[in-house]
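Structure record follows, encoded as structure tokens.
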Amino acid sequence: MMPLLLFLLAFAQEPPVETSEDPMEAFQAGRALTARRLALAQLEQDPDNIQAHLVVAMVSWNEDGRHAQALARLQLAHRLYQAQKESLGPEAWRTEWHILRLLMFLSAEMGRNNQALDYAERYNQRYNPKLDTELAWIMMSMGRLDEAKELATKGLQRDNYDHRMYALNTLCALSAKQPDRLESLRICEEYVEASGGLEKGEITALRNTALAARGALRYERSEELLLAAARKGPEGWTNPWIDLVVFRLDEGRGAEAAQAALTGQRWRMRESGSTRAQTRAKDDAIFATLFLVAGEPERARTLIDRSLALPDRSSSSTATDDSTRGGHALIRIQVRRAERQRRLEHAAEQGWLPATWAFLQGFVPEWTDWLDHAKVRAALLDGTLLRGSLYENDDDGLVMLRTWMVGEFADIIGPGIVRAGLQENRSKANPQQLVQIIDAHLAELDCRWASKASAQTLLDRAREIPSQEVLLSARLHAIAADCAWRAGDRASALAAYETALQLDPGVLRRLALQLPVSVQHDGGAVARTAAFRLRASPRFRLSPHTFLVTFTDVRACLLAPNGTRIGCYTPPPPDPEAPAPTDDERAAALLGALHQGAFAMPLGLSGHDLRSLDGTTMPDRERSRQRMDQLLDAL
């Protein structure tokens, strides 16, 4: 069956185009590809056909995501209208009415806000009712917040349902820029109720209110809203499953986050080309974060490199180019650190000579690190972005900034600036749980940078933060453990290390910290070699009466100081068609299984699932889907 299908896809002939059918009617009926073929056929006979140009532009925009081509085609249609309007009859104004609205919305979607306002002004000079509510989001994107609020407030007085929803959406987004997160949530909840509530509400209202709920640390309400949005199916710019990925990851629910990512990928395949073109870099950054926590820094690097090289347009969100660039660079800083640690681990698995060489290579500076630090610093030169980032505000701060990433700023812009910003934000924080999170960040600064570091204070603050902040808690416990170990408080250090490993096994690798262990083996050749090579690993420091690593020839186990088994790890079976591995190769695989198993959050994904998330299989799937659409549309 499959060979026959592939043959049909490759050689199927399109049926003759019935040029008598109206392209616009075909487009409005959802037959976009047919509409384009009909329109192109008409343009072959009449290159000045305005309606045909409009259809081709709308298909390029909505189906292909080719915004520049669509804009050029719409501008051509407008020029043709101006040249022909005297001969088009009394209803010709409807054509320009349509073209100018499309030009305004498309220009805004492309981030060309001044151009969008220019088209809106031309429209308002000719037609009623005037465009006003539609301009609120553009004003907000340009930083003209008072004008945006005024236009949105006027929109609430309109009788038109769409205008009211547009106004409420803008007011919800504007409220996210204020320090009182509970008030922001209240405004956004009004948006949900006005659109129909949890079951009947609009997907954009549900998703945006979920973000407000998350900002107010209402974790359960946030997930409830996102799941309600997910039941709506693909619509507009919203993919609630992608938001669920990072929220569940913050809570240490790695397997559930991975499943949300897979569902989000399937959702993307049902979105329009225009929507996919607007959110690819954002999705790549989110999946990179997932792979970072899951101990797959190489996959994460591929994704975050792509998101920085091919950024999204920021017009469909409240993010600016600087906040997006800085947020993605911050993720890559952490990915690069984890990648270097994984490289050192792999070298230790091969033996002391590769480990020594890898260690020496670590002293060679890499320009990518310098560049990413510069991008984050440049973004934070904007005082609003700096304050918003230290307030963990995704609307006024760096994009994709999670609570467990805020501690990275001290290494980039200095602990003094971070401390001052946190203390300023603490005075206006609402709800109280946010004060507890800020206090935890301040305690981390003391532990890492103050002359009189206090691990116990940091541990106390870590216990006070909301229980859902699992990855943040793991970071705080890991840093407190390192702080206590350096201060000679071994008991507190070992307890904190154990808690960190239970919450987020990958945190030690991401922070480049070592776990104190002693080593035992059963005397086998493979076990003895693996135990010897562990001494070169960047994940372990040898110390008696601490954690215990035991090796047999086929298994490595990590035990807590009290003897509780944390986990046992076995390498994957060798390829039966390959030559039998040597003892050295088996030792390397055994130590590698320990590294990967003990220091990564499990996702429970197959190799195919991993490839679908890192983009390896996505282009082929998209091309296959598009060719199938073309075939089915032609039949």
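The values are calculated or read from the model by the stated rules, or taken from the named source; none is laboratory data. Since we're looking at a predicted model, the values are computed, not measured. Quick reminder, even Gly has a Cβ in these numbers, built from the backbone with ideal geometry, and neighbours come from all protein chains shown. When the accessible area is computed, the model is the full protein with side chains, heavy atoms only, and any ligands, DNA or RNA have been set aside. Shrake-Rupley method; radii C 1.70, N 1.55, O 1.52, S 1.80 Å.
Summary table
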quantity: Mean Cβ neighbour count within 10 Å, used as a protection proxy, ranking 339-350, 286-297 highest first; calculated: 286-297, 339-350
quantity: Accessible area of the stretch 235-304 belonging to carbon and sulfur atoms, whole % at 1.4 Å probe; calculated: 47 percent
quantity: Net lengthening on full extension, D411/R101 (0.36 nm per residue, minus Cα-Cα); calculated: 106.8 nm
quantity: Contact order relative to length of the chain, as percent, for alpha carbon pairs under 8 angstrom and 6 or more apart; calculated: 11 percent
quantity: Extension reserve of the Q75-W237 stretch, reckoned as 0.36 nm per residue once the Cα distance is removed; calculated: 55.9 nm
quantity: Spin-label model distance (nm) - R94 vs D583, 7 Å beyond Cα toward Cβ; calculated: 8.7 nm
quantity: From the C-alpha gyration tensor of the chain, square roots of 5λ in Å; calculated: 51, 32, 19
quantity: Cα gyration tensor shape for the stretch 215-308, rounded if a/c is under 1.5, else prolate or oblate; calculated: oblate
quantity: Percentage, to the nearest whole number, of Cα pairs in the stretch 287-352 over 16 Å apart; calculated: 51 percent
quantity: Using θ = phi - 60° and Karplus 6.51 cos²θ - 1.76 cosθ + 1.60, couplings along the stretch 163-172 (whole Hz; Gly, Pro as x); calculated: 5, 5, 5, 4, 5, 5, 4, 5, 5, 5
quantity: Burial order of peptide ranges 382-390, 178-186 (average beta-carbon count within 10 Å, highest first); calculated: 382-390, 178-186
quantity: Carbon and sulfur %, accessible surface of the stretch 525-581 computed with the full protein complex present, 1.4 Å; calculated: 57 percent
quantity: Difference of contour (0.36 nm per residue) and Cα-Cα distance, S467 to D305; calculated: 55.1 nm
quantity: Under Karplus coefficients 6.51, -1.76 and 1.60, residue-wise ³J(HN,Hα) of the stretch 115-130 in Hz, glycine/proline x; calculated: 5, 4, 5, 5, 5, 5, 5, 4, 4, 5, 6, 10, 10, 10, x, 5
quantity: Descending semi-axes in Å of the stretch 124-245, equivalent ellipsoid built from Cα gyration tensor; calculated: 25, 16, 12
quantity: Per principal axis, descending, Cα span of the stretch 543-595 in whole Å; calculated: 43, 18, 15
quantity: The chain - share of DSSP beta bridges that are antiparallel (%, nearest 5); calculated: 50 percent
quantity: Charge dipole of the chain about the Cα centre (unit charges at C-beta), most positive-ward option of I187, Y391, P311; calculated: Y391
quantity: Residue-normalised accessible area of the chain, given per residue in Å² at a 1.4 Å probe; calculated: 45 Å²
quantity: Distance between the stretch 548-570 and the stretch 330-393 - C-alpha centres, whole angstrom; calculated: 30 Å
quantity: Ellipsoid equivalent to the stretch 220-273 - semi-axes via the Cα gyration tensor, in Å; calculated: 19, 13, 7
quantity: Under-5 Å amide H pairs with G567, H placed in peptide plane, nonlocal only; calculated: L558
quantity: In order through the stretch 429-439: 3J(HN,Hα) via Karplus (6.51 cos²θ - 1.76 cosθ + 1.60), integer Hz, x for Gly, Pro; calculated: 6, 8, x, 4, 4, 5, 4, 5, 5, 5, 4
quantity: Protection proxy ranking, peptides 557-566, 463-472, 298-307, average beta carbon neighbours within 10 Å, highest first; calculated: 298-307, 463-472, 557-566
